[in-house]
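Okay, so here's the structure we're looking at.
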Amino acid sequence: MQDQHKLRRLSAQDAVYTHTHKQPTSMLASLWSWYISWAIPGLGMFSEAYIIFSLGLTKPLQKAMFPTCFKTHDACPEAITHVQNYIQLCGIIAGMLAFGALGDYMGRRWGSRIVASIMLSGTILLTFSPLVPNPATFLNFYIFAATWYGFGVGGEYPMASASAAERSQSDEALRHRRGEQVVLTFSGQGMGNFVNGCVILIMMAWFGMTGPTLDPTKARDVISIQFAVGAAVSVFMVLWRWFKLKESEVWEAEKHDFDEITENELHKGKRYLTLNAFANFWPRLAATSMAWVANDFAFYGNKLFQSTFIALLYPKATEFERMQWTVLNSAVSLMGYFCAAALIDKKWYGRCRMQNVGFLMMFVLFLICGVAFPTLTASEAGLRAFQFLYFFSSFWNQFGPNCTTWLVAAEVFPTDVRGTFQGISAAMGKVGAIIADIVFGYVSTRTTFYMSAAFGLAGALVTWLFLPDTTGLSLDELDRMAKYMLSNEFEHYHGEAVNPKHLSTWERYVLKWHRHYDPEMDRKHKAIQLAKSMGKELSALEKEVLSKC
């Protein structure tokens, strides 16, 4: 080691945070504390699913409200009506990239406040959009409002996931349940999808739209009211974040350490840190990005075209009856989120295995749907089997890659670039959703299942090759390894972050990071670094250790 004192300046161990976990006084208080610990942070994802997935659910209502726009296309070009699906995803991608980087620069609190405010303004615009009388004007107004809302949603992804992971890291009582807390926060997405379906179903029943035809005026009212419910949730979310939300202690600690390192050693600032992270963590970025592409191709493709699939499963049912089955499917999916939260921190299952099993199950189930498609759609018994396969694939999507991709993108990168890289990964996932939205509109339903199966298999292969397993690994330890990399001393890092069990196949057999793993040497390094942090002089043993570096 050229500068023997450099080792002493590197982080020694987990940071000490000021947050203290208040112990509830009763079982009811304990349950309530557990619930709000993830439900309130998950409101952004609740709003995201509530609004975004309503696209697929309200298409029949849009057709009833403006048939000249969405059926005969006399008032609106067919190509423009289809734009409403993927233009919103373009707004989401822009938000992910912008606020992922801004969140690393300005902090999690301000980033969360801004994106929540954008989402609120977007839901208000969407609420009033059905009141526009002209169909062409409605469509343009609706597309603008949805895209603006999507821009806020995009920022919510890196903000919510990074905040949830770091909140668990800074609370000793939750540190060993980090995956559970992050996935439960993300389960707000499943709850939003379920509640949106319930609200639409209740409104249809309230307005008497349970028969074979839908009234245009009542359809307009249902669309507007269900958006208004989403706006009410956004109001609470904005107020909470502006008056109650605190900054991430993990982000604050790492920002202080990074500023000290750059001031004393590198003089190169944030740009150097990002380039350094790209150089060292690109295989992980490939894993989080490509797996998200594979997942969102199947997940969003099925959600955006959910009304089409439900109509195929229940060809003789009314729209009201199909909405009932849609709500049931959402309930099945929601169970997948909670199952994922229950097992995500178990060392015998964990992140990688859950993602791989989920992808492989999606591959098998979608392949069966494709191969047996004529048989499954030829009889009542076949349709019941088809229903089971479709619902079961939704369960494994949540109890697998839809939850894990959101989680691991917030865990496998250091804190200083966590938002940036999570935003990039999520944006790539939405590229997969756009591909699905475009392609699914031009191919047969049977082909969509074949394609979804292929993406499931590709996701499993990417996971096996590039994704490390961070189950049980402290975020502080990952940040510690990143500091060694930042100081060009990675070969002298011997801690848990290069333990073979926490490395991907690529990192073990190609990069060979596991060669540096030496718990005993790492213990001595930590002792030296701790001595420096306490202002002690080097001992004879510490000098001997340094001389061997």
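The values are calculated or read from the model by the stated rules, or taken from the named source; none is laboratory data. Bear in mind the structure is a predicted one, so any value in this text is a computation, not a measurement. We place every Cβ from the backbone using ideal geometry, glycine too, and count neighbours over all the protein chains shown. Surface areas here come from the heavy atoms of the whole protein model, side chains and all, with no ligands, DNA or RNA. Shrake-Rupley method; radii C 1.70, N 1.55, O 1.52, S 1.80 Å.
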Problem set entry | Which listed residue is closer than 22 Å to Ala340 by Cα, in the same structural domain as Lys59 (by the TED database) and aliphatic (A, V, I, L, M), from Leu139, Leu201, Leu184, Leu214 | Leu184
Problem set entry | Enumerated helices (runs of 4 or more DSSP H) restricted to region 429-514, each holding at least 1 residues that are at pLDDT 95 or above and among the acidic types (Asp, Glu) | 505-509
Seminar exercise, completed: Taking region 69-118 and keeping residues open to solvent by less than 10 Å² (accessible area, probe 1.4 Å), in a loop (DSSP other than H, G, I, E, B) and more than 21 Å from Ser163 (Cβ to Cβ) leaves Cys76
Problem set entry | Selected residue (criterion: most open to solvent (accessible area, probe 1.4 Å)) from residues of region 368-395 that are touching a Phe, Trp or Tyr at 6+ places or on another chain (Cβ under 7 Å) and modelled with pLDDT under 85 | Thr377
For this session: Tell me which residues, restricted to region 47-68, are of a type outside the set (D, E, K, R) and either open to solvent by 30 Å² or more (accessible area, probe 1.4 Å) or outside the structural domain of Val183 (by the TED database) (or both).
Result: Pro67, Thr68
Exercise. List the pairs whose first member sits in region 37-52 and is aromatic (Phe, Trp, Tyr), whose second member is open to solvent by less than 20 Å² (accessible area, probe 1.4 Å) and assigned to a helix (DSSP H, G or I), and whose Cβ atoms are under 6 Å apart, counting only residues at least 6 apart or on separate chains?
Worked result: Trp38/Gln181; Trp38/Leu184; Trp38/Thr185; Phe46/Gly188; Phe46/Gly192; Tyr50/Gly192; Tyr50/Asn196; Tyr50/Gly230
Seminar exercise, completed: (1) in a helix (DSSP H, G or I); (2) touching a residue at least 40 places away in the same chain (Cβ under 8 Å) all hold for Arg384 apart from (2)
Exercise. If we scan region 396-413, do we find a residue that is touching a Gly at 6+ places or on another chain (Cβ under 7 Å), open to solvent by 10 Å² or more (accessible area, probe 1.4 Å), within 21 Å of Gly188 (Cα to Cα) and in a helix (DSSP H, G or I)?
Worked result: yes
Exercise. Can you list the helices (runs of 4 or more DSSP H) found entirely within region 241-357 that contain at least 2 residues being modelled with pLDDT of 80 or more and assigned by the TED database to the domain that holds Gly432?
Worked result: 249-261, 319-343
